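Participant: If you scroll down you'll find the structure; I have some questions about it.
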Amino acid sequence: MLRVTVIVFLLWAAGATASPALRLGEAVRFKTVSYQQHSEIQYREFAAFHQFLRKSFPRAFAELEVETVNEYSLLMRWPGSDTSLPPVLFTAHMDVVPVEPGTEQDWQHPAFDGVVADGRIYGRGTLDDKVGVMGLLEALEELLAAGFVPGRTLVFAFGHDEEISGRQGATALAQRMRELGLHFTWMVDEGGMLLTDNPLLSGRTMALVNIAEKGYLTITLEATGEGGHSSNPPAVSTIGRLSNALARIEANPFSPRLVMPVEAMLESLAPHMQQPEQFIFDNLWLTGGLVARNMAGERSTAPLVRTTTALTMFNAGVKENVVPQRALARVNFRLLPGDTPDMVVDHITRVVDDPEVDISYEQWDNMPPVAEYPGGGYAVIQAAIESVYPEAIVVPSMLMAVTDTRHYIDLADDLYRFHGVEMTMAQVTSIHGTDEYVGVESYEKSIELARKMLELAAQ
């Protein structure tokens with residue numbers, strides 16, 4: 001606790017003169033890590049991070065209506081001058097994922113040191129998602145300092161456990177907003193970003209505004225059978241039976257197809273493409289099947305056109321000379337819009353085709369619907385992007401992961417996801433991985449973009 005107290009004091013002393021980049025680096029130093037085992041979470045780090053935010057953004061915490069929800073999430077309301085206008089919601093999350101044990105030395109700079117060097121800010125959370133929390137608060141603080149008065153009420157919700165489902169943070173925030181009678185014309189969460197080297201648009205920055213996200217499902221497969229001494233093994237072991245089932249699952253992926261958000265993305269890209277790609281993207285009614293199959297053949301684009309299958313966990317055995325009686329595996333699926341958990345389970349049951357393998361799953365939250373496009377909140381986000389990045393091509397897209405957005409389905413008419421950070425494909429890969437970083441210039445421009453988005457949303 002002494003270390004945290006010292007850090008908070010030092011940050012408070014330097015807060016008045018620190019740059020946005022240095023403040024983001026300082027934010028990284030708080031180990032607001034979400035572990036799957038809740039007992040491992042250091043909640044004192046979240047409490048200290050709250051103190052840091054209050055010291056770093058004094059106007060925001062003094063002038064807005066601020067609540068701490070379920071101990072560690074934050075709800076902030078900026079009342080507008082016109083109460084007849086429905087509010088807009090901006091969300092992000094304060095927690096980060098752990099660093100995989102054994103990979104600590106692979107980082108160029110320690111993951112929680114928040115080093116600012118070589119035009120970059122290094123550390124866990126610089127892309128996911130302290131960059132979102134800090135960027136919004138930086139923009140908010142600037143607007144308050146300039147005397148800006150919103151016409152429309154703006155609300156900010158910062159959850160504390162998005163990385164482990166958001167069921168303690170976003171769920172509680174959503175319930176509190178229901179109690180307050182809030183309903184939003186639209187909302188925006190993390191997700192889309194500005195890609196500088198997207199393979200679909202070489203040489204041009206592409207701003208991806210997610211109008212949808214994929215669903216989430218994990219299936220558990222379990223095989224039980226005879227165990228015993230390895231000197232006298234059964235004809236079919238539990239490991240062998242389950243391995244065969246998993247091999248069949250990987251060998252039989254879901255069929256690729258184009259869904260509306262991806263079709264909208266490709267059609268938006270068509271005017272900026274050369275032939276024959278322009279013709280192909282302009283005539284998806286004719287070429288859609290071919291496009292889907294081609295995209296399915298590339299790892300970077302396959303998740304956009306099929307429900308994906310990922311073998312993520314396998315547990316069996318306690319000793320090298322003991323045949324286990326039980327083998328268990330988990331397979332994670334990210335569902336395209338239109339696919340349902342029941343459809344996935346039916347497919348897997350047919351593919352496995354083994355009554356000795358038990359298949360079960362836990363129902364997750366509903367998949368958010370596709371948001372309005374091209375109007376609504378999308379138009380506001382697009383206008384903000386174009387004011388800061390006039391050279392960027394803004395396109396709708398679909399997020400391949402999941403966010404806290406699904407907890408707010410009944411609270412907003414339309415749900416969007418846009419990160420506002422310029423990055424490369426390599427940086428995208430570093431999210432949840434090693435050497436996560438954001439460029440200083442990119443971060444500063446993301447603050448400018450967030451400020452513009454708040455200004456436009458408040459009208």
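To keep it simple, each residue is scored yes or no on (1) touching a residue at least 40 places away in the same chain (Cβ under 8 Å); (2) under 12 Å from LEU194 (Cβ atoms); (3) among the β-branched types (Val, Ile, Thr).
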site: LEU399; (1), (2), (3): yes, no, no
site: GLU422; (1), (2), (3): yes, yes, no
site: THR434; (1), (2), (3): yes, no, yes
site: TYR437; (1), (2), (3): yes, no, no
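Participant: Based on this model, can you work out whether GLN168 counts as over 20 Å from GLY420 (Cα atoms), under 24 Å from the mean Cα position of the chain (by Cα) and not in a helix (DSSP H, G or I)?
Facilitator: When the stated conditions are applied, GLN168 passes them.
Participant: Same structure again: Just to be sure I understand, how many residues within segment 253-291 are under 22 Å from HIS347 (Cβ atoms) and charged (D, E, K, R)?
Facilitator: 1
Participant: What are the pairs with Cβ atoms under 8 angstrom where one residue, in segment 296-313, is in the same structural domain as ALA251 (by TED's automatic domain parsing) and within 16 Å of MET398 (Cβ to Cβ) and the other, located anywhere, is among the acidic types (Asp, Glu) and surrounded by 11 or more Cβ atoms within 10 Å (Cβ to Cβ)? Sequence gap at least six, or different chains.
Facilitator: THR307/ASP339
Participant: Shifting gears a bit: Scan segment 83-99 residue by residue and report those that are part of a loop (DSSP other than H, G, I, E, B) and surrounded by 23 or more Cβ atoms within 10 Å (Cβ to Cβ).
Facilitator: Answer for segment 83-99, where residues must be part of a loop (DSSP other than H, G, I, E, B) and surrounded by 23 or more Cβ atoms within 10 Å (Cβ to Cβ): PRO87, MET94, ASP95.
Participant: Any chance segment 280-300 includes a residue that's crowded, with 16+ Cβ neighbours inside 10 Å and within 26 Å of PRO390 (Cα to Cα)?
Facilitator: Scanning segment 280-300 turns up at least one residue that is crowded, with 16+ Cβ neighbours inside 10 Å and within 26 Å of PRO390 (Cα to Cα).
Participant: Among the aliphatic types (A, V, I, L, M) and more than 22 Å from THR403 (Cβ to Cβ): is that true of VAL209 in this structure?
Facilitator: Against the criterion (among the aliphatic types (A, V, I, L, M) and more than 22 Å from THR403 (Cβ to Cβ)), VAL209 does not qualify.
Participant: If you don't mind, another one. Criterion first (part of a loop (DSSP other than H, G, I, E, B), farther than 13 Å from ARG23 by Cα and in the same structural domain as GLU162 (by TED's automatic domain parsing)) does GLU142 satisfy it?
Facilitator: In short, no.
Participant: Quick one: what pairs do we get from segment 46-73, first residue farther than 21 Å from GLN168 by Cα, second among the basic types (Lys, Arg) and in a helix (DSSP H, G or I), C-beta under 8 Å, 6+ apart or different chains?
Facilitator: Short answer, once both residue conditions are applied: SER56/ARG23; PHE61/ARG54.
Participant: Residues of segment 201-218 being of a type in the set (Val, Ile, Thr) and in contact with a Lys or Arg (Cβ under 7 Å, 6 or more places away or on another chain), which ones?
Facilitator: Correct list: THR218 only.
Participant: Residues in segment 393-419 that are small (Gly, Ala, Ser) and at pLDDT below 95: how many?
Facilitator: Final tally of qualifying residues: 1.
Participant: Testing PRO98 on (1) under 23 Å from TYR416 (Cα atoms); (2) under 18 Å from the mean Cα position of the chain (by Cα), one condition comes back false. Which one is that?
Facilitator: The single condition PRO98 does not satisfy is (1).
Participant: Would a scan of segment 140-151 turn up a residue that is surrounded by 22 or more Cβ atoms within 10 Å (Cβ to Cβ) and modelled with pLDDT of 95 or more?
Facilitator: Looking for residues that are surrounded by 22 or more Cβ atoms within 10 Å (Cβ to Cβ) and modelled with pLDDT of 95 or more, one finds at least one in segment 140-151, hence yes.
The values are calculated or read from the model by the stated rules, or taken from the named source; none is laboratory data. Just so we're clear, the structure is a prediction, and the values are computed from it rather than from any experiment. Glycine gets a Cβ as well: all are built from the backbone with ideal geometry, and neighbour counts include every protein chain shown.
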